[in-house]
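Since the structure comes first, as structure tokens, the remarks are kept for the end.
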Amino acid sequence: SRRRSILAAGAALPLLAIRTRPAGAAEFTYKWANNLPVAHPLNVRGAEAVARIKDRTGGRLEIQVFPNNQLGSDTDTLSQLRSGAVEFFTLSGLILATLVPPASINGMGFAFANYAAVWAAMDGPLGAFVRAEIGKRGLFAMERIWDNGFRQTTTSSRAVTAPADLRGLKLRVPPSPLWTSMFNALGAAPTSINFSETYSALQTRVVDGQENPLAIIETARLYEVQRFCSLTNHMWDGFWFLANARAWQRLPRDVQEIAQAELNASALQEREDVAKLNAELQAKLAQRGMQFNPVDPGPFRDRLKEAGFYKEWRGRYGEEAWKVLEGAVGAIT
Ligand code: X2X
């Protein structure tokens with residue numbers, strides 16, 4: 001009878017539900033997009049995390065990696081992350097600030113003296129503050145931020161030793177209000193260009209310079225189109241490992257825990273790799289023809305103060321955020 005066949009189908013359901021997934025196929029197939037070359041430690045350690053996650057979840061979560069802006073520029077990919085078309089994205093906090101304004105705060109000019117200060121802040125109250133703000137915007141940030149590094153200034157035209165050397169310099173900066181504001185205050189002529197367009201913008205001389213950590217100057221081969229590298233160390237930048245919050249919440253608790261633990265473990269390894277590279281790379285890049293010069297940060301910081309840069313950004317972030325920053329790095333006056 002009809003009733004009997006419905007019952008029979010119902011009884012068979014649990015089995016059918018399991019069988020609708022072809023053998024070997026993941027329950028969740030998510031995309032992770034990033035803007036970096038495959039040789040960068042973020043991709044090397046990230047790929048290791050992805051493999052461990054697949055293994056430890058018994059294949060339930062499979063993460064497909066799209067390095068090198070394969071899915072679009074950072075600006076495009078941030079939109080895709082928000083819509084859920086991309087589930088994971090590693091993005092600089094400064095660029096994320098176009099959506100979550102406080103997320104650029106770690107890029108405040110000359111705020112961090114060294115890596116010890118960076119990790120104490122980002123694994124501590126400053127990172128917690130920013131992650132909470134990210135959480136209010138439909139995104140979830142893993143606990144450990146990945147290292148991009150202290151940024152150095154390269155040009156095809158001249159060494160930068162003092163703020164006067166930046167005057168009128170056509171400088172590529174990533175799309176973020178803090179970057180534009182800071183280099184305007186320093187007297188340069190910054191242009192917002194996504195990383196995906198940076199190499200060609202330098203090559204065709206749309207801009208004369210850019211600023212990035214040595215690990216990126218090396219892995220993205222920017223040394224091919226830049227000659228001088230000035231060790232300005234003007235800010236520290238890192239990548240939040242972001243998830244679309246709805247996609248993250250769809251994952252069962254145990255899968256979330258494995259994913260977050262493995263990504264955080266890889267982040268710590270990536271930090272070591274990048275620190276090592278940034279220490280070694282000056283010699284290697286010099287062999288390739290780059291000319292390095294040290295920089296005294298004092299005059300740059302003075303110039304930012306005189307231009308009202310710190311005052312302006314203190315107002316934009318608000319007293320609460322500024323207190324958390326100063327709690328980490330000391331008074332910025
Ligand atoms: O766009 C850049 O310069 C880069 C790669 O450093 C960032 O992602 C902020």
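The values are calculated or read from the model by the stated rules, or taken from the named source; none is laboratory data. In this text, all values refer to a predicted model and were calculated from it rather than measured experimentally. Cβ placement follows ideal geometry from the backbone for every residue including glycine, while neighbour counts extend to all protein chains displayed.
Annotation: Phe110 fulfils all but one of (1) touching a Phe, Trp or Tyr at 6+ places or on another chain (Cβ under 8 Å); (2) on the phi < 0 side of the Ramachandran plot; the unmet one is (2).
Given the structure, is Asn194 surrounded by 17 or more Cβ atoms within 10 Å (Cβ to Cβ) and either over 21 Å from Thr219 (Cβ atoms) or within 18 Å of the chain's Cα centre (by Cα) (or both)? Can you show your working first?
Details: surrounded by 17 or more Cβ atoms within 10 Å (Cβ to Cβ): yes; either over 21 Å from Thr219 (Cβ atoms) or within 18 Å of the chain's Cα centre (by Cα) (or both): yes.
In short, yes.
Given the options Leu242, Leu285, name the one that is touching a helix residue (DSSP H, G or I) at 6+ places or on another chain (Cβ under 7 Å), at pLDDT 95 or above and farther than 30 Å from Leu61 by Cα. Reasoning before the result, please.
On the way: Leu242 fails: farther than 30 Å from Leu61 by Cα.
Answer to the check: Leu285.
Taking residues in the stretch 232-254 that are at positive phi, and partners anywhere that are more than 16 Å from the ligand (Cβ to nearest atom) and in a loop (DSSP other than H, G, I, E, B), not one pair has Cβ atoms closer than 6 Å while being at least 6 places apart or on different chains.
In the stretch 188-245, the qualifying residues are those that are among the aliphatic types (A, V, I, L, M) and in a helix (DSSP H, G or I), and the one that is nearest to the ligand (Cβ to nearest atom) is Ile216. Within the stretch 191-223, the set of residues being free of Cβ contacts under 8 Å to residues at least 24 places away in the same chain and over 22 Å from Phe239 (Cα atoms) comprises Ser200, Gln203, Thr204. For the residues Gly298, Gly238, Gly209, the requirement of being surrounded by fewer than 16 Cβ atoms within 10 Å (Cβ to Cβ) and not aromatic (Phe, Trp, Tyr) singles out Gly298.
Rundown of residues vs (1) within 16 Å of Pro174 (Cβ to Cβ); (2) in contact with a Pro (Cβ under 6 Å, 6 or more places away or on another chain); (3) in contact (Cβ under 8 Å) with a residue 24 or more places away in the chain, yes/no style:
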{"site": "Ala26", "(1), (2), (3)": "no, no, yes"}
{"site": "His40", "(1), (2), (3)": "yes, no, yes"}
{"site": "Gly46", "(1), (2), (3)": "no, no, yes"}
{"site": "Asp55", "(1), (2), (3)": "no, no, no"}
{"site": "Pro67", "(1), (2), (3)": "no, no, yes"}
{"site": "Gly72", "(1), (2), (3)": "yes, no, yes"}
{"site": "Leu78", "(1), (2), (3)": "yes, no, no"}
{"site": "Arg82", "(1), (2), (3)": "no, no, yes"}
{"site": "Phe88", "(1), (2), (3)": "no, no, yes"}
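Only one of the numbered conditions (1) within 13 Å of the ligand (Cβ to nearest atom); (2) assigned to a helix (DSSP H, G or I); (3) within 21 Å of Gly127 (Cα to Cα) is violated by Gln269, and that is (1). Of the residues that make up the stretch 70-80, is at least one within 11 Å of the ligand (Cβ to nearest atom) and in a loop (DSSP other than H, G, I, E, B)? Checked the stretch 70-80: at least one residue is within 11 Å of the ligand (Cβ to nearest atom) and in a loop (DSSP other than H, G, I, E, B).
Only one entry in Arg172, Arg158 is basic (Lys, Arg), more than 15 Å from the ligand (Cβ to nearest atom) and either assigned to a strand (DSSP E or B) or at pLDDT 95 or above (or both), namely Arg158. Looking only at the stretch 92-106, decide whether some residue is under 22 Å from Asn35 (Cα atoms) and free of Cβ contacts under 8 Å to residues at least 60 places away in the same chain. The answer is yes; a qualifying residue exists.
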